[in-house]
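Undergrad: The structure is given below, and queries will be raised subsequently.
Computed from the coordinates by the stated procedures, all read-outs in this text should not be read as laboratory data. Note that this is a predicted model, so its numbers are computed, not measured. Backbone-built Cβ (ideal geometry, glycine too); neighbour counts: all protein chains shown.
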Amino acid sequence: MPVAYLQEIFSSVQGEGPYVGCRQVFIRFAGCNWCCAYCDTPTEPQPATCVVEKSPGYRDFVNLANPMTPGQVAEIIRQYYNLSWHHSVSLTGGEPLLHTEYIKDLIKHLPSTRRGIFLETNGTLPDRLTEVITGIDIISMDVKLSSATGTPTPWDLHRHFIKVARQRELYVKIVVTAETKVEELQKAGELLQELAPQAVLVLQPVTPNCGVIAPPVSRVLYLQEQALKIIKNVRIIPQTHLMMGQL
């Protein structure tokens, strides 16, 4: 039976992208294959415990031993949350696609949400996505611009990823900073227009962290204008859960 190291499990609202405000159960996997300068999540790949919030919004946390089986996670969710009034279960991280065998087993235990399984991913593991795509309903894919992450943009991986991800409902999220260049945003827009033109493109102004600076509003609006010349549905959506003080 597969096991995985998890960072946290909780029920809250989606804070990013076009599904902002939808209630979800979040399962946050530990470990990531990418390194972003602005990252605000723990990077420990094998934390000793997984933090579970029993009552949504009350911060009544319990710490459970890692690693955990899919059955254990499903039992925790049954014990504390009612899946029937959740929009979906969000598999987030870290990078969930590092754990494909685990995800395939876990999905079997989570049949009762309204919209199914919601995958949040950095969009760099297309072969891994192929392994689980039949069990995923909605994909939130990042495009990792080098001006924001500090590492070269993996254009070829993103291209291959979109080709797989477009089998499901897909939207693409790009974190933009004060350093984001029009040219790289245009390249991302052209890639999406070519491969998945119906997908929503979300520009997310970075939440300042580790010296990464957010762009002024005028710049974000300008970037949106340039992207709208290429793809028809471009939205500006900041991290709203941080505004609310939510997990």
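Undergrad: Within 10 Å of each residue's Cβ, count the other Cβ atoms and sort His86, His99 from fewest upward.
TA: Starting with the residue having the fewest Cβ neighbours, the order is His86, His99.
Undergrad: Can you give me the angle between helix 217-228 and the longest principal axis of the chain, using Cα atoms only, in degrees from 0 to 90, rounded to the nearest 10?
TA: 80 degrees
Undergrad: Quick one: Karplus J couplings for the range 65-72, per residue in order, coefficients 6.51, -1.76, 1.60, θ = phi - 60°, nearest Hz, x for Gly and Pro?
TA: Values, residue by residue: 5, 9, x, 10, 8, x, x, 4 Hz.
Undergrad: Give me the percent of DSSP beta bridges within the range 6-173 that run antiparallel, rounded to the nearest 5.
TA: Roughly 40 percent of the DSSP beta bridges within the range 6-173 come out antiparallel.
Undergrad: Please give me the summed charge of the neighbours of Phe10: other residues whose Cβ is under 10 Å from its Cβ, Lys and Arg +1, Asp and Glu -1.
TA: +1
Undergrad: Show me 33-42, 6-15, 230-239 ranked by packing, highest mean number of other Cβ atoms within 10 Å first.
TA: In decreasing order of mean packing, 33-42, 6-15, 230-239 become 6-15, 230-239, 33-42.
Undergrad: Additional query: With θ taken as phi - 60° and the coefficients 6.51, -1.76 and 1.60, list the Karplus ³J(HN,Hα) couplings across the range 186-199 in order, rounded to whole Hz; mark glycine and proline as x.
TA: Per residue, the Karplus-derived 3J(HN,Hα) values read 4, 4, 5, x, 5, 5, 5, 4, 5, 9, 8, x, 7, 6 Hz.
Undergrad: Can you pick out the pairs among Lys104/Lys173; Lys108/Lys144; Lys108/Lys173; Lys54/Lys173; Lys173/Lys232; Lys104/Lys144 whose Cα atoms lie more than 20 Å from each other?
TA: Long pairs (Cα-Cα over 20 Å): Lys104/Lys173; Lys108/Lys144; Lys108/Lys173; Lys54/Lys173; Lys104/Lys144.
Undergrad: Multiplying the sequence separation of Lys104 and Tyr58 by 0.36 nm and subtracting their Cα-Cα distance, what value in nm do you get?
TA: 13.5 nm
Undergrad: While we're here: Grab the other residues whose beta carbon is less than 15 angstrom from that of Arg23, score K and R as +1, D and E as -1, and report the net.
TA: That works out to 0.
Undergrad: Okay, next question. Using θ = phi - 60° and the Karplus relation 6.51 cos²θ - 1.76 cosθ + 1.60, list the HN-Hα couplings for the range 134-150 in order, rounded to whole Hz, with x at every Gly or Pro.
TA: My calculation for the range 134-150 gives 5, x, 9, 9, 9, 10, 9, 10, 8, 10, 8, 6, 5, 5, 9, 8, x Hz in order.
Undergrad: Give the angle, between 0 and 90 degrees and rounded to the nearest 10, that separates the Cα long axis of helix 155-165 from the longest principal axis of the Cα atoms of the chain.
TA: Between the helix axis and the principal axis of the chain, the angle is about 60 degrees.
Undergrad: Hey, another quick one. Let's see if you can work this out: charge +1 on each Lys and Arg Cβ, -1 on each Asp and Glu Cβ, no other charges. What is the dipole magnitude of the range 6-173 about its Cα centre, in debye to the nearest 20?
TA: Computed about the Cα centre, the dipole is about 440 debye.
Undergrad: How much net charge surrounds Pro208 when only other residues with a Cβ under 13 Å from its Cβ are counted (Lys, Arg +1; Asp, Glu -1)?
TA: Combined, the nearby Lys, Arg, Asp and Glu give -2.
Undergrad: Sort Ile133, Ile139 so the one with the fewest other Cβ atoms within 10 Å of its own Cβ comes first.
TA: Ile133, Ile139
Undergrad: Amide H of Arg235: which non-local residues (sequence gap of 5 or more, or other chain) have their own amide H closer than 5 Å, using H built in the peptide plane?
TA: Under 5 Å from the amide H of Arg235: Leu201, Val202, Leu203.
Undergrad: Could you name the aspartates and glutamates in cross-link range of Lys229, using Cα to Cα under 18 Å and dropping any fewer than eight places away on the same chain?
TA: Glu183, Glu184, Glu190, Glu194
Undergrad: Using Cα positions and a limit of under 16 Å, work out the aspartates and glutamates in reach of Lys187, with same-chain residues fewer than 8 apart set aside.
TA: Correct list for Lys187: Asp142, Asp156, Glu179, Glu225.
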